[in-house]
Amino acid sequence: MDIHWAALGGVVGASLGITLLTVVLFSLGVAAQPRGDGAGHGGERSRGANRTATVAAALCFGACLAVAVYGLTLIISG
């Protein structure tokens, strides 16, 4: 049996990179969600800032969902 080490290293690198990206996106979504709900520290927050934080959180969670669904399609179809 012969192992193609360069291909194995590429798979490990890509997996680690996507995992870190997903964790960072999810963390940003969790951090932005309370700010969008108006539960932050400041009392004089505008509606625009709250809406922007809510949209940012939704985009982060949507990107995490897209990565998970893509990974599942690779597993199921392969």
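The values are calculated or read from the model by the stated rules, or taken from the named source; none is laboratory data. If you're wondering where the values come from, they're calculated on a predicted model, not measured in any experiment. We place every Cβ from the backbone using ideal geometry, glycine too, and count neighbours over all the protein chains shown. Surface accessibility is based on the protein's heavy atoms, side chains included, excluding ligands, DNA and RNA. Shrake-Rupley method; radii C 1.70, N 1.55, O 1.52, S 1.80 Å.
Computed values, structure above
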read-out	value
Which of 26, 61 is most accessible, then next, and so on - probe 1.4 Å	26, 61
C-alpha long axis of helix 47-77 to longest principal axis of the chain, angle in °	20 degrees
Calculated FRET efficiency for the pair residue 65/residue 11, C-beta based, R₀ 22 Å, to 0.05	0.45
The chain: Cα Rg divided by the 2.2 N^0.38 Å rule of thumb	1.59
Rounded tilt (10° steps) of 5-36 against the dominant C-alpha axis of the chain	10 degrees
